[in-house]
Amino acid sequence: MEKIEISFITINYNSSDLTIKLVDSIILQTVGLNFEIIIVDNSSKEEDFKNLYNNLGLTTQVKIIKNKINSGFASGNMLGINYAKGKYYFFINNDCI
């Protein structure tokens, strides 16, 4: 098994449609790169979390972490680091494509 080069870390808070587009964009633009995408859901509404999970939950490169509280941007990113296995961390806002 190859080592993961980059851990993309992003925060979702009631914006699953943006997060899904971000993940699609990362996957399309990282051909040949060993990476993972960590999404920290910062206590979104249940409907938004279900949309996120139903669209990305089975994607092999994606880990979804459900935070019980909205701990904010910085704390959410630090939570994501706890699950990251990449050599490098790439923090990215979920409204980027």
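The values are calculated or read from the model by the stated rules, or taken from the named source; none is laboratory data. Only a predicted model underlies this, so the values are computations on that prediction, with no experimental measurement involved. Note: areas computed on protein heavy atoms with side chains; ligands, DNA, RNA excluded. Shrake-Rupley method; radii C 1.70, N 1.55, O 1.52, S 1.80 Å.
Counting only protein heavy atoms and using a 1.4 Å probe, what share of the accessible area of region 6-71 belongs to carbon plus sulfur, as a whole percent?
53 percent
Which whole-number percent is the relative contact order of region 2-97 (Cα, under 8 Å, 6+ apart)? Numbers along the way, then the final one.
Working: 169 pairs, mean separation 43.9, N = 96.
Across region 2-97, relative contact order equals 46 percent.
What residues qualify as long-range amide H neighbours of Gly86, i.e. H under 5 Å apart, gap of 5 or more or another chain, H built at 1.01 Å from N?
Ser7
With a 1.4 Å probe and every protein chain left in place, work out the accessible area per residue of region 6-97 in Å², rounded to a whole number.
58 Å²
Can you classify region 4-97 as rounded, prolate or oblate using the Cα gyration tensor, where a ≥ b ≥ c are the square roots of its eigenvalues, rounded means a/c under 1.5, and otherwise it's prolate if a/b beats b/c and oblate if not?
Oblate, since a/c reaches 1.5 and b/c is not below a/b.
Report the residue, chosen from Asn42, Asn70, Asn82, that carries the largest GNM mean-square fluctuation when the chain is represented by alpha-carbon nodes joined by springs under 10 Å.
Asn82
What are the ³J(HN,Hα) values, in whole Hz, obtained from phi via the Karplus relation 6.51 cos²θ - 1.76 cosθ + 1.60 with θ = phi - 60°, for each residue of region 84-97 in sequence order, with x given for Gly and Pro?
Residue by residue, region 84-97 yields 7, 10, x, 5, 10, 9, 10, 7, 9, 5, 6, 9, 8, 10 Hz.
Distance between the C-alpha centers of region 1-22 and region 36-97? Whole Å please.
Cα centroid of region 1-22 versus Cα centroid of region 36-97: 6 Å apart.
Just the accessible area for Asp17, please: 1.4 Å probe, Å², rounded to the nearest 10?
Surface open to solvent at Asp17 totals about 100 Å².
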